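This report concerns only the one structure given below.
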Amino acid sequence: FGVLQSAIPMRTDEAATVMSHGLTNPLVIMGNYNTPNNHMLHSLLVWTSSQCFGTEPWAVRLPAVIFCLACVPLIAIAATRLRGGLAGVIATTIFVCLPSTLELATNARGYPIVIAAMLVMIALLSKLERDRPGSGFLFVMAGALGLMAVPVMVYPLGLLYSGLFIGRWRRSGFRKALRCVPLAILTVLVAATWYLPAWIAAPDDGPVGT
């Protein structure tokens, strides 16, 4: 349904965002943050898609469709690792049946990237607890990727890192809990590096204000 729905005409705000950001030069996308509608990572993906497939509505919405479809297996993996196979099936079924899922897949915005990044982080929690090699790096990069897509990722990031800190504190003590602080700092630093050109060029607070 998301693929079929992606061919309908764009909404006014959606089309205005695509015209002002998604179809501009990548340097403009990275350096101009006068409006929070510029979901920078998504805008770059829209630019890439439009270069390959043109500016038809389905081509402009292709990144949102792909990431929304990716959320289906990611929900299954995350829920299964947290609560078992049945929880994975139930959670995936709920997500697929929600009307808001179709809206996410057919709206040229960066929110599906945020959801996908959050699900990857949730799926990595168990590996992070067992100190599996590379889990910390993947956790940081997934969080930074979500922040690069839309600054609103700061809310799920805050919840995830707070839960990780409190959970470790209760189970293993304050010193073990402190190990997640460098991960949080690295996540912010990677994303801040991404936003640095726009932050420097912004006439006001830019991404920070958002």
Worksheet entry | Sole exception among (1) part of a helix (DSSP H, G or I); (2) within 25 Å of Thr193 (Cβ to Cβ) for Ser50, by number | (2)
Worksheet item: Got at least one residue in region 89-97 being crowded, with 17+ Cβ neighbours inside 10 Å, farther than 24 Å from Glu14 by Cβ and modelled with pLDDT of 90 or more?
Response: yes
Item to complete: Check Ile75, Ile29 and return the single one that is open to solvent by less than 30 Å² (accessible area, probe 1.4 Å), more than 20 Å from Leu98 (Cα to Cα) and at pLDDT 80 or above.
Response: Ile29
Discussion item. Of the conditions (1) of a type in the set (Phe, Trp, Tyr); (2) more than 19 Å from the chain's Cα centre (by Cα); (3) not in a helix (DSSP H, G or I), Tyr33 satisfies every one except a single condition; which number is it?
Written reply: (2)
Worksheet item: Out of region 1-42, which residues are without any contact (Cβ under 8 Å) to a residue 60 or more places away in the chain and either farther than 22 Å from Leu196 by Cβ or among the hydroxyl-bearing types (Ser, Thr, Tyr) (or both)?
Response: Leu4, Ala7, Pro9, Thr12, Asp13, Ala15, Ala16, Met19, Ser20, Leu23, Thr24, Thr35
Worksheet item: Looking at Gly146, Gly158, which is the one that is assigned to a helix (DSSP H, G or I) and open to solvent by less than 10 Å² (accessible area, probe 1.4 Å)?
Response: Gly146
Response to the item:
Restricted to region 1-24 and to residues being in contact with a helix residue (DSSP H, G or I) (Cβ under 8 Å, 6 or more places away or on another chain) and not in a helix (DSSP H, G or I), the residue least open to solvent (accessible area, probe 1.4 Å) is Ser6
Worksheet item: Conditions: (1) under 27 Å from Asn38 (Cβ atoms); (2) surrounded by 16 or more Cβ atoms within 10 Å (Cβ to Cβ); (3) polar (S, T, N, Q). Ser135 meets all but one. Number of the miss?
Response: (1)
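The values are calculated or read from the model by the stated rules, or taken from the named source; none is laboratory data. Bear in mind the structure is a predicted one, so any value in this text is a computation, not a measurement. Note: ideal-geometry Cβ built from the backbone for every residue, glycine included; neighbour counts use all protein chains shown. These accessible areas exclude ligands, DNA and RNA; they are computed on the full protein's heavy atoms, side chains included. Shrake-Rupley method; radii C 1.70, N 1.55, O 1.52, S 1.80 Å.
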